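Read-outs: derived from the displayed coordinates by stated rules, not from any lab. Remember, predicted model here, so these are calculated numbers, not experimental data. Here Cβ is always computed from backbone atoms with ideal geometry, including for glycine, and neighbour counts include all displayed protein chains.
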Amino acid sequence: MIDYINQGNKDTRSGFGVGLTELGRSNPNVVALCADLIGSLKMQTFIDENPERFFQVGIAEANMMGIAAGLTIGGKIPFTGTFANFSTGRVYDQIRQSIVYSGKNVKICASHAGLTLGEDGATHQILEDIGLMKMLPGMTVINTCDFNQTKAATIAIADFDGPVYLRFGRPAVANFTTENLGFQIGKGILLQKGKDLTIVATGHLVWEALEAAKDLKSQGLQAEVINIHTIKPLDEDLIIKSVLKTGCLVSAEEHNYLGGMGESIAGLLAKHNPCPMEFVATQDTFGESGTPTQLMSKYGLDKNAIVKKALAVKNRI
Amino acid sequence: MIQLKLLLKSNNILMTNIQSLEKTTTQVRRDILRMVHKVNSGHPGGSLGCAEFFVALFFKQMKVTLPFSMDGENEDLFFLSNGHISPVFYSVLSRRGFFPVSELNSFRLIDSRLQGHPTTHENLPGIRVASGSLGQGLSVSIGAALTKKINNDPKTVYTLIGDGELQEGQNWEALMFAAGKKVDNIIATVDLNGKQIDGRTEDVLPMGSLKNKFEAFGWKVIELKKGNSIPHLLKTFKVAKSKLGSGKPVAILMETEMGNGVDFMMHTHAWHGKAPNDKQLENALSQNIETLGDY
């Protein structure tokens, strides 16, 4: 197992921007759309290099989703870019009917997901998007954990035929996964082996999970840490294999516990291997203004929260 | 003299063509009525009102390639935004050869490709996007038109939108975009029948002058007063096509009569989403004699 080291804080949305730029150079069918958030989504290099393959739609996300669906007819692979809130809740019916039910090869790329959007507050901090997207039959849902993984995922989804929801965030966070590792949709990554409990984390919570595992180690507990970047389809085998060994699990995500990754895992465990489980997630609440660190602490989404839930789940065995 | 003969000959051909299209329309009306009657559900009113439009478009105006391919490269494309008028769409697609006419018999039944509202999900040839939840078709059509531009494909994208459907805000996002970004390879037709489920469009939510609104958004607008006349439709399509490529998208505001061709279904919104009973069907079919053979 690799001892993961932070190679320097970077934002995941920049990983998207770099990945999109590479796609612009390597895949002539990739086109991009944005709803007035080019800077936030880091799309400028792609636009500079491929002006004829970029469409600024203005503040009109519903239209953007419909146009993206239409662009696929004739072989284009559209990547839409806006905040997670405007990529999902605002345009749910457009995604449902024109994209997913219609089987269109659209990549919905969503930045500023979750509480770590920070000071803008709850109007922009969507904590329900994973649930909204995973409920759609045939939708692939990905939530990446750092710059390198976001870049790799952006590149990988272009080669996958079907609608994808790619979720990432705003703040600079630890960049710790191996560069150019590639990205396998639907395949979880075993980051750290352990025997006492399983921590399954997605998105920004993956680094926190690794940090929590260090704390737990000092308390005599060996945590197995799994990075589930693809929430749907879920890597069921990897999770089941782990809990068969550890007997308990903590899920960790920057999302409501209702509808999130944890809920999918709970369903899996109930079906195949019932065992104690705890959820690190928001508890059916909206967010608020604050710095990302303050918010993650207040809403119980950081390393300390994971340690607490890990000890709690061990006590239930 | 020779020229006159040629002119007469071409007029004859034109007449024959129009008569043939009108015969097809009558059969399409029968299909619509029989489809909705069988399952006691569906939307005959708007379907009947747009029968001439669909026949003129699919049998004369558009260059389509069979067998159907989703990408539709180098062919004209059509998107139906107001998906509830699926009966007319299905009838015309089958009569045009996209799928067997006998399949109309499965409309709205379990395990059918002919879902209540059109969908790509069951792989029915001729359908390129699901529609039914209103207001989305124009955006999709614009996307398809943009891909044609990127691919240097000179063909045209057609779409049909209901007038009541224009109450959905997404249409206005799409109208603004198409004009602002010079999507000039699209012809969007609005079915102006003035009616929607709850009554007259004017009473439900007045929309004012659509011509003024579309023009203010930057579209070229052609008004078609006789949307149930095949010769008028063909002429209008020709004019619309001549206006493509000018930097502006083109709209046809097509006035139609909901329930056209069945006397008791006309001049009312009552048949928007209601099927005729046995007696009413008999009456309606007697007004539209079989021309191409019932399915």
Greater than 29 Å apart at Cα, pairs in A:K76/B:K241; A:K151/A:K314; B:K182/B:K225; B:K235/B:K279: A:K151/A:K314; B:K235/B:K279
Estimated FRET transfer efficiency (B:Q287, B:K241; beta-carbon r; R0 45 Å; 0.05): 0.85
Run down the aspartates and glutamates and flag those whose C-alpha is under 16 Å from the C-alpha of A:K134, throwing out any fewer than 8 positions away in its chain. A:D93, A:D235, A:E236, A:E253, A:E254, A:E263
Kindly flag which residue pairs out of A:K104/B:K220; A:K104/B:K238; B:K60/B:K148 have an alpha-carbon separation exceeding 24 Å in this structure. A:K104/B:K220; A:K104/B:K238
Would you work out if region A:10-173 is rounded, prolate or oblate? Take a ≥ b ≥ c from the square roots of the eigenvalues of the alpha-carbon gyration tensor; rounded if a/c is under 1.5, else prolate when a/b is larger than b/c, oblate otherwise. rounded
Direction-averaged shadow area of the convex hull around the Cα atoms of chain B, nm²? 15.9 nm²
For q = 0.06, 0.08, 0.10 Å⁻¹, Debye-computed log10 I/I(0) when each Cα of the protein assembly as shown counts as one equal scatterer: -0.38, -0.63, -0.88
What is the distance, in nm, between label points placed 7 Å from the Cα along the Cα-to-Cβ direction at A:D284 and at B:S102? 5.5 nm
Theoretical FRET efficiency, 1/(1+(r/R0)^6), r = Cβ-Cβ of B:K149 and B:N17, R0 41 Å, to 0.05: 0.85
Whole-Hz ³J(HN,Hα) from phi, Karplus 6.51 cos²θ - 1.76 cosθ + 1.60, for region B:44-57, glycine and proline x: x, x, x, 4, 5, x, 9, 4, 5, 4, 5, 5, 4, 5
Quick check: net charge around A:L269, other residues with Cβ under 14 Å of its Cβ, Lys/Arg +1 and Asp/Glu -1? -1
Counting only residues 5 or more places away or on other chains, whose amide H sits under 5 Å from the amide H of B:L192 once H atoms are built in the peptide plane? B:M254, B:E255, B:T256
The rounded separation in angstrom of the Cα centers of region A:1-65 and region B:220-263 is 41 Å
Sites removed, the longest contiguous part of chain B containing no DSSP-loop trypsin sites (Lys or Arg not before Pro) with at most 12 other Cβ within 10 Å is B:64-224
Where Rh is the Kirkwood radius over the Cα pairs of chain A, the temperature 4 °C and the viscosity 1.567 mPa s, what D in µm²/s does Stokes-Einstein return? 67 µm²/s
With a cut-off of 14 Å, note down the residues of region B:273-295 whose backbone N falls inside the zone around a label point 7 Å from the Cα of B:L109 toward its beta carbon. B:295
Distance from region B:39-59 to region A:194-210 (C-alpha centre basis), Å: 57 Å
Taking A:125-131, B:289-295, A:31-37 and ranking on average Cβ neighbours within 10 Å, highest first, one gets A:125-131, A:31-37, B:289-295
Those residues of region A:206-226 whose amide nitrogen sits under 16 Å from the label point placed on A:L311, 7 Å along Cα→Cβ: A:212-223
Need one number: convex hull volume per residue for region B:111-156, Cα atoms only, in Å³. 82 Å³
In whole Å, how far is the Cα centre of region A:260-307 from that of region A:86-107? 26 Å
Run down the lysines and flag those whose C-alpha is under 24 Å from the C-alpha of B:K274, throwing out any fewer than 8 positions away in its chain. B:K38, B:K195
